[in-house]
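Reading through the structure tokens given below for one structure.
The values are calculated or read from the model by the stated rules, or taken from the named source; none is laboratory data. What you are looking at is a predicted structure, and each value in this text was computed from that prediction instead of being measured. Every residue, glycine among them, receives a Cβ derived from its backbone with ideal geometry; neighbour counts consider all protein chains shown. In case anyone asks, the SASA skips ligands and DNA or RNA and just uses the protein heavy atoms, side chains included. Shrake-Rupley method; radii C 1.70, N 1.55, O 1.52, S 1.80 Å.
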Amino acid sequence: MDTNKKRLLTGDRPTGRLHLGNYFGSIINRVKLQDQYACFFMIADLHMLTTDFDRTQDIKENILSIAIDWISSGINPEKSVFFIQSKVPAHSFMHLIFSMLVSVPRLERIPTLKDKVKESRFSDENAYSYGLLGYPVLQAADILAYKASVVPVGEDQISHVELTREIARRFNYTYGEVFPEPRAILSETSRVPGIDGINVKMSKSLNNEISLSHSFKEVRDRVMKMVTDPAKIRLTDRGHPQVCTVFSFYNILAAPELIDQVKYECENGQIGCVACKERLSELVNRLIEPIREKRFELERNPSGVWDILHEGTKNAIFTSNKTVSEMISKMKLNY
Ligand code: ATP
Ligand code: MG
């Protein structure tokens, strides 16, 4: 890894397989930026525990699966560091130190907290855990442990990167300069909707996703389930693409001419929703096919993928320990 390059950090929670939201929101930018930056890609297992501490039975399988999804989507593990968050002690230590630098009301105002509480299986809205409240502080630790300059993420993570900047500033002001202020990099499609409607974010944990590893048939079935304009019942009814989930996927995936054509046909009652979905499912399958093939190959050699994760984790430990040493010395805790 080129040590003169600026650093990039981002990651995914091992809550399931990666989907089109992860792909268009973040992976596309990772692939694009992997030569320009020294990249650290994290499997955020501690973050998963903030919402699913009691569901660890699949975590190991999901970790492997995410690393496979990364490589299959074009992230080159020879150029970048792949690592597992919980195996790197700096994250937990820095999370604790940073938790002194941020107020509880500031954390309570972060919009993702409300969403996560709403999605949570723990019904009492006022009883969310200390760990869930501190999720964005842990994320600040993730980013700053590597002094990352850039963080390619989807729109849902913007407020966390903003908090990271505040924490970096607060630390530097209190103890002396250690951290650069990172910035989020958004892709063209920073928010992919779920198959259940344009107002819901596609998420691993909401069962509204199209995974990069879904079979040809699963992709088709999920596209067929997408919510369309409720006012368009018959083929000849005039539709409203702006409220249709299917159309929002054309917007993400299709060439501009096809987007215009779909809009025209829908608005003028020239195409039915079923045919429109058939065509979309072909587009999605065309995108996913090469990823699926590569995944199939990698699945036959899981130990090779684990080796990549273990090697990367060693590198992450080495790099982040340097940051911790600097922090300790600035904080006068070097005894
Ligand atoms: P979970 O439901 O467990 O939170 P998730 O699907 O939200 O899973 P994460 O692992 O939390 O995925 O997020 C990984 C990255 O993918 C983040 O950068 C996040 O911003 C991005 N991302 C997730 N969902 C979407 C989406 N629907 N559109 C765009 N980007 C997304
Ligand atoms: Mg998420």
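Shape class for region 214-296, computed from the alpha carbon gyration tensor (a ≥ b ≥ c): prolate, with a/c not under 1.5 and a/b above b/c. Taking max minus min of the alpha-carbon positions on each principal axis, the chain gives extents of 77, 45, 37 Å, largest first. Stretched out straight at 0.36 nm per residue, the stretch from Lys6 to Leu235 would grow longer than its current Cα-Cα span by 77.1 nm. Taking packing as the residue-averaged number of other Cβ atoms within 10 angstrom, the listed peptides 237-243, 79-85 run from highest to lowest as 79-85, 237-243. The percentage of C-alpha pairs in region 140-188 whose separation is greater than 18 Å is 25%. For Lys60, a cut-off of 19 angstrom between C-alpha atoms picks up these aspartates and glutamates, skipping any fewer than 8 places away in its own chain: Asp12, Asp45, Asp52, Asp69, Glu299, Asp307, Glu311.
Leaving out ligands, DNA and RNA, what percent of the accessible area of the chain is carbon and sulfur, probe 1.4 Å? Before the final figure, lay out each step's value.
Values: 8560 of 16270 Å².
Carbon-and-sulfur percentage of accessible area, whole number: 53.
What is the packing order of peptides 182-188, 52-58, 34-40, 229-235, taking the mean over residues of other C-beta atoms within 10 Å and listing the highest first? Intermediate results must be reported in sequence, preceding the final value.
Numbers: 182-188: 17.3, 52-58: 11.9, 34-40: 19.0, 229-235: 13.4.
Final packing ranking: 34-40, 182-188, 229-235, 52-58.
Starting from the Cα gyration tensor of region 96-248, take the square roots of the eigenvalues, sort them a ≥ b ≥ c, and report rounded, prolate or oblate (rounded when a/c is under 1.5, otherwise prolate if a/b is larger than b/c, else oblate). The shape class here is prolate.
Of interest is the spacing of the C-alpha centroids, which for region 94-139 and region 255-309 amounts to 35 Å.
Once a ≥ b ≥ c are taken as the square roots of the eigenvalues of the Cα gyration tensor of region 15-100, is the result rounded (a/c under 1.5), prolate (a/b larger than b/c) or oblate (a/b not larger than b/c)?
Details: a/c = 1.98, a/b = 1.29, b/c = 1.53.
Oblate is the answer for region 15-100, as a/c is 1.5 or above yet b/c matches or exceeds a/b.
In this simple spin-label model, placing a label point 7 Å from the Cα along the Cα-to-Cβ direction at both Gln57 and Lys322 gives a separation of 4.3 nm. Counting lysine pairs in region 214-296 whose alpha carbons fall under 25 angstrom apart, excluding pairs fewer than 8 residues apart on the same chain, gives 8. With 0.36 nm allotted per residue and the present C-alpha distance subtracted, the Lys217-Asn199 stretch has 3.9 nm of extension available. Under the simplified labelling scheme, the Trp306-Asp124 pair shows an inter-label distance of 4.0 nm, with each label point 7 Å from Cα along Cα→Cβ.
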